[in-house]
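The values are calculated or read from the model by the stated rules, or taken from the named source; none is laboratory data. None of these values were measured; they are calculated from a predicted model. Because the Cβ atoms are built from the backbone with ideal geometry, glycine has one as well, and the counts that use them run over all protein chains shown. Ligands, DNA and RNA are stripped out before the accessible areas are found, and what is left, the full protein with its side chains, is counted by its heavy atoms. Shrake-Rupley method; radii C 1.70, N 1.55, O 1.52, S 1.80 Å.
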Amino acid sequence: MADAVVSDVKTPAVGRRVGRRSVSRHRSIVGFLFALPLIAVIAGLVVYPAGYAIHLATLNKSMQHFVGFDNFRFLFKRNTFWMVVEQSCLFAVTAVIFKAVVGFVVAHFVHNIPQKGQRKWRGMLLVPWVIPPAMSTLAWLWLFDPSYSAFNWVFAHLGIPQVAWLGNAYWARFCVILVNVWVGSPFFMIMYLAALKSVPEQLHEAAAIDGANWLQKIWYINLPMMRNIIQITALFSLIVTFANFDIVKILTNGGPVDQTHVFGTWAFTLAIWGNDIPLGASVSLFMAPILAVAAFFILRNVRKRGNEA
Amino acid sequence: MAQVALRNIVKMFDKTPAVQGIDLDIADREFIVLVGPSGCGKSTTLRMIAGLEEATSGEIYIGDQLVNDVPPKDRDIAMVFQNYALYPHMTVYENMSFGLRLKKFPKQEIKQRVEAAAQILDITNLLDRRPKALSGGQRQRVAMGRAIVRNPKVFLFDEPLSNLDAKLRVQMRTEIKKVHQKVTTTTVYVTHDQVEAMTLADRVVVMNAGRIEQIGPPNELYHNPKTRFVAGFIGSPAMNFLPARIVNGGSNLAIRLSEKLSLPVPESRTARYKPYIDKEIVFGLRPEDIIEKRGAVPPGSAAFDVQLDVVEPMGMETMVYFIVDGIEVCGRVNPTAAKEAGENMDLVADMTHMHLIDPATDQVI
């Protein structure tokens, strides 16, 4: 808050400009050279695989001939593809919303725990996020087992009809999202907790004196102050959730009848099991434009408001 | 508008006492300043009035209502914080109107009130800005505006000027005084700056170590401090304190400061100090009561001759420091009369303004 408007200091004295420009050019070349190793690593690990995926997507099944957009044309005609698009969006958006809500609420609870016991709770609440998801998903798989699962056992004792957790398409989608929320909300919790801690306590005190109750403090103070973190966390999580593989793969493997497949698992199924690597590459490439649109909308406001607080 | 009363307020943080039994009555429309060094409990006291801290024991009244269990939002108070605590995501207008909007005031009235307050504070042209785009002084005004708009029973100021630079601080001090003259609301103002306290207050409350040392109008605290702490805290440069002994010097009493230096006690004080003859006491005299000798020594004053140790010209006056029995003493002399360091100078002490302190109790005798 203390740094006032100092951002628009421009236009140095005209006489100095030439010298300064050559110095700055020299400096930027040196800077570029220093950044070059990193640029090379990024190029090797990101640009090359991405380019290779695009290349693969233009080949035929046996990877012998260039077929242009034929793979995409083929995909567009398949109902399963559109189902996967729909499921991926549903999965990612629902899961991120719930993760954000759960993370936000839990962050507020943790924030209000006295400082002494807070570390302990923070540590414990992070556990779902720290366990490798492949392992924890296996535990969930047993919990959802139709005949021997803990859930159905409880239901049986309560006289509630048993649920075919992973056998019914809607329940299976619910389960996949539930596990994803369970794994992912601690990350939101920790991000939101950090954001919450950076909201000056005096703003809450000022709001209290201005007559705000706890809900109004959250709505008028915390939410706007945490806005950037909320948006950026949501975006990153959206990307990761969209590309989720392990949970779906282990819990349902896309079933029943492909009704829980997301891009990652379906691409894997097509490419590795179906032996059609170009088609799998085409499917996975489809994530990029969808995420780009999401990123545009979410980040649109972030830069504008970047240094407001 | 309301009076505020504190009855035997105690505040403990875990087992550390911050405030140890405060009684204070603040009249309606009065401007009270709580002043004291860091950690004396003045901010804690203010925060208890605001309801941001809970009193461990004792009673707090605003108006006639006991407010110990009333949350801050229902106490009808407004507070100006040290770092302003403006909402960074709101414009000045939104900041100022926030409290009214929460209380669901009609839009038209909110607008009127904000504009009226903005007029008083001269910030009408800033209403659309965000706090980030304001200078420190402007933020300070907005923070005050947010308080004024609410038209509360009590204004609370928590060291509102300590984040400003020296020049702006003086300017805003005057501003606050002006605002209080226009918007006469009961005000409790916390500061560690005794000049701020003296200039603003109707009555000053000097606090030390969680207790009230003395309550009184600024001039009374200056002229008649009741304790050594108040005597030393109010006034700048601070009062000189010297260990001394009262001796019976023939017809009159005298203060014996060292082997060489004894100063006569004025006749008016003789009766008051008689019981302390031959006892160790602390002699206190303000620098402004030690001046250069001009012709004949006036009655009640005593002339003496010292070797100057340090000389500090301040422009309108010059501070001279000399040593009495190992203790540095400060005097305030006319620049034209001041001698150089190392030279001898004739000074006059106005003994009618002296204070004697009992070292056992630290009370002024």
Rank-order B:63-70, B:302-309 by packing density, defined as the average count of other C-beta atoms within 10 Å over each peptide's residues, highest first.
B:302-309, B:63-70
Helix-only [θ] at 222 nm, chain B, -39500 (n - 2.57) per DSSP H run of 4+, per residue, nearest 500, equals -7000 deg cm²/dmol
Report the full-extension gain for the segment B:D346 to B:R7: residue separation times 0.36 nm, less the Cα-Cα distance, to one decimal in nm.
116.9 nm
Kindly rank B:328-339, A:287-298, A:181-192 from highest to lowest mean number of other beta carbons found within 10 Å of each residue.
A:181-192, B:328-339, A:287-298
Accessible area per residue of chain A at 1.4 Å probe, in Å²?
59
Only protein chains counted, 1.4 angstrom probe. Which residues of the range A:176-209 are at least 20 Å² less accessible in the assembly than when their chain is isolated?
A:Q202, A:L203, A:E205, A:A206, A:A208, A:I209
proj_area_mean for the protein assembly as shown (convex hull on C-alpha atoms), units nm², value 48.2
Of the heavy-atom accessible surface of chain B (probe 1.4 angstrom), what whole percent is carbon and sulfur?
48
Percent RCO, i.e. relative contact order, over the range A:70-305, from Cα pairs under 8 Å lying at least 6 residues apart
28
When each of B:K15/B:K42; A:K217/B:K177; A:K197/A:K217; B:K293/B:K339; A:K120/A:K249 is checked by Cα-Cα distance, pairs over 21 Å:
A:K217/B:K177; A:K120/A:K249
Compute the helix-to-body angle for B:107-121: its Cα long axis versus the longest principal axis of chain B, expressed 0 to 90° and rounded to tens.
20
For chain A, place one equal point scatterer on every Cα, skip the solvent, and apply the Debye formula. What is log10 of I(q)/I(0) at q = 0.08, 0.15 Å⁻¹?
-0.55, -1.25
Cα-projected label distance for B:V297 with B:R29, points at 7 Å along beta-carbon direction, nm:
5.0
Pull out the extension gain between A:A169 and A:W214, defined as 0.36 nm times the separation in residues minus the alpha carbon to alpha carbon distance; nm, one decimal.
12.2 nm
Carbon + sulfur, % of accessible area of the range A:70-305 - ligands and nucleic acids excluded, 1.4 Å
71
Counting only other residues whose beta carbon sits under 12 Å from that of A:Q216, what net charge do I get with K and R as +1, D and E as -1?
+4
Average accessible area per residue (Å²) across chain B - probe 1.4 Å, nucleic acids and ligands excluded:
44
Inter-centroid distance (Cα atoms) of the range B:38-70 relative to the range B:260-308, Å:
44
Between A:A292 and A:W142, the FRET efficiency computed from the C-beta separation at R0 = 51 Å comes out, to the nearest 0.05, as 0.85
R0 = 51 Å: FRET efficiency of B:V170 with A:I42, Cβ-based, nearest 0.05?
0.35
Please compute the contact order of the range A:184-309 in relative form: average sequence separation of alpha-carbon pairs under 8 Å and at least six residues apart, divided by the residue count, as a percent.
21
Between the alpha-carbon centers of the range A:187-255 and the range B:111-168, tell me the distance in whole angstrom.
32
When DSSP assigns beta bridges and you keep just the ones with both residues in the protein assembly as shown, what percent turn out antiparallel, to the nearest 5?
80
Report the full-extension gain for the segment B:A116 to B:A337: residue separation times 0.36 nm, less the Cα-Cα distance, to one decimal in nm.
74.3 nm
So, over other residues within a Cβ distance under 14 Å of B:E312, counting Lys, Arg +1 and Asp, Glu -1, the net charge is -2
Please report the projected area of the range B:240-364's Cα convex hull averaged over all directions, in nm².
7.8
What net charge is computed for the residues neighbouring B:S162, neighbours being all others with C-beta under 10 Å from the C-beta of B:S162, Lys and Arg scored +1, Asp and Glu -1?
-3
Taking Cα pairs under 8 Å and at least six residues apart, what relative contact order does the range A:117-206 come out at, in percent?
31
Counting only other chains, and only Cβ atoms inside 10 Å, what mean value do you get across the residues of B:95-106?
3
Pairwise burial B:A, computed as accessible area of each alone minus the pair, summed, 1.4 Å, Å²:
2400
Compactness index (Cα Rg / 2.2 N^0.38 Å), chain B:
1.19
Between B:D128 and A:N112, the two model label points (7 Å from Cα along the beta-carbon direction) sit apart by a distance in nm of 4.0
Per-residue average of other protein chain Cβ atoms inside 10 Å, peptide B:74-81 -> 3
